[in-house]
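Computed from the coordinates by the stated procedures, all read-outs in this text should not be read as laboratory data. Keep in mind that this is a model prediction, so the values were computed, not measured. Cβ coordinates were reconstructed from backbone atoms using ideal geometry, including for glycine residues, and neighbour counts include every protein chain displayed.
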Amino acid sequence: MSNQSEKLAFNKKSSSVVLKNVTKIFQQPDTGKDFVAVDSINLEIQDGEMVTLLGPSGCGKTTTLRMISGFEYPSSGNVFIGERDVAKVPPNKRGISMVFQSYALFPHMNIWENIAYGLRVAKRPQDEIIRRTNDVVELMQLGGMEKRFPNQLSGGQQQRVALARAVVIEPSVLLFDEPLSNLDAKLRESMRDELRALQKRLGITSLYVTHDQSEAMAISDRVVIMKDGVICQQGSPTEIYEQPNSRFVANFIGKANFIDGTFQGRRGEAALVEIGGHTFSIPVPGKMENVEAGGACCLTVRPESVQLSDREGPLPGVVARATYYGAKVEYEVMLGDKPVIVEVYNPQLARRFDVGDQVYMTLIDRCVRVLK
């Protein structure tokens with residue numbers, strides 16, 4: 001497999017993608033009013049990088065993808081692929097490939113013909129079509145299936161064919177529009193890992209759109225969070241998860257608890273936050289923009305960053321729910337009238353608690369962030 005990927009990567013034409021002040025406005029048919037789907041965003045995808053656009057429905061991620069692909073033209077702004085502004089260039093002139101959610105395979109063509117289709121449209125020489133198609137068939141582990149038709153393949157195999165058809169033309173940029181959403185959970189996970197490994201081997205600049213947070217975390221060099229047509233935050237999966245810059249981002253990526261407190265000031269780089277009469281020292285509090293001493297603030301705490309004990313501690317609570325998942329137990333603990341979600345991994349080695357138990361919560365302070 002590695003030899004085949006080296007053959008394809010040798011002639012790759014990857015290049016960066018840059019969006020400059022890109023806006024897309026649609027006119028609503030029922031009211032005739034303008035709707036701003038994407039609002040003056042700036043984004044750069046480096047050569048060979050895998051970037052994921054992530055956000056709730058209607059946030060503008062698919063519209064952004066379609067403007068890069070050429071299926072939509074921006075109302076204003078520039079779309080660069082390499083050095084070329086392609087904002088008004090038709091899709092077939094951009095040097096991109098797209099993998100769709102629906103696979104979009106031709107039902108009347110066998111697998112080999114589906115994969116070779118783009119090379120035939122480009123009028124490549126016959127010997128090149130045969131060589132490159134066979135290389136990709138081997139790369140995608142589709143050997144022996146070449147004469148089958150799409151309806152004779154499983155969902156995972158069809159997705160491999162769709163990916164093979166996109167890769168075989170050696171595009172500058174590879175775009176993914178929620179390509180795994182039609183697969184079952186276990187197959188989606190294995191295909192996700194396979195797709196990421198392939199992208200890294202080939203080094204193709206890639207943009208991936210999904211609403212699945214775990215998928216975005218696993219597959220990306222960088223995650224871009226969108227809401228209401230704007231970019232809220234972007235960074236590596238580690239940065240997005242561990243250093244969210246807002247309640248929206250913290251809540252959208254994984255699970256988060258928001259515990260209200262009072263900012264008491266700083267001790268060196270640490271922030272001092274009082275909750276329920278106990279002062280916590282937060283060593284790495286985050287940016288803390290607009291948080292003033294004596295004012296209200298919020299601690300953002302991931303469920304796995306809360307420790308439970310039956311020994312007296314800083315935050316007393318009562319277990320309202322205990323759900324066993326095998327690898328973990330998820331507790332809902334009432335801190336006054338506010339629920340706090342706590343995840344305890346490897347529960348066979350941990351103290352178990354039942355509904356109604358009095359417990360005490362301790363925050364792993366290096367895993368806590370302070371927000372306004």
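Mind giving me the FRET efficiency for Met288 and Ser154? R0 is 45 Å, r the Cβ-Cβ distance, nearest 0.05 is fine.
0.35
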* **In nm, spacing of pseudo-spin labels at Thr262 and Lys338 (7 Å Cα→C-beta vector)** => 1.4
* To do: Would you mind putting 239-247, 272-280 in packing order, based on average other-beta-carbon counts within 10 Å, highest first?
  => 239-247, 272-280
* How much length, in nm to one decimal, is gained on full extension between Glu194 and Asp30, taken as 0.36 nm per residue of separation minus their Cα-Cα distance? -> 54.7 nm
* Local net charge near Asp260, Cβ-Cβ under 13 Å (Lys/Arg +1, Asp/Glu -1) -> +1
* Cross-link partners of Lys123 among lysines (Cα-Cα below 16 Å; sequence separation of 8 or more within a chain) -> Lys93
* Give me the aspartates and glutamates in straight-line cross-link reach of Lys372: C-alpha distance below 18 Å, same-chain residues under 8 apart excluded. => Glu242, Asp260, Glu269, Glu274, Glu289, Glu292
* To do: Measure nothing fancy, just the Cα-based angle from helix 155-167's long axis to the longest principal axis of the chain, in degrees from 0 to 90, nearest 10.
  => 60
* Based on the Cβ-Cβ distance of Phe100 and Ala327, what FRET efficiency does E = 1/(1 + (r/R0)^6) give at R0 = 35 Å, to the nearest 0.05? -> 0.55
* If the cut-off is a Cα-Cα distance under 15 Å, which aspartates and glutamates reach Lys24, setting aside same-chain residues fewer than 8 apart in sequence? -> Asp34, Asp39, Glu72, Asp228
* Asked: By average Cβ neighbour count within 10 Å, what is the ranking of 19-25, 201-207, 306-312 from highest down?
  -> 201-207, 19-25, 306-312
* Given a Förster radius of 41 Å and the C-beta distance between Lys186 and Asp357 as r, what FRET efficiency does 1/(1 + (r/R0)^6) yield to the nearest 0.05? -> 0.75
* Given the Cα-Cα distance of Val121 and Arg247 and 0.36 nm per residue of separation, how much length would full extension add, in nm? -> 40.5 nm
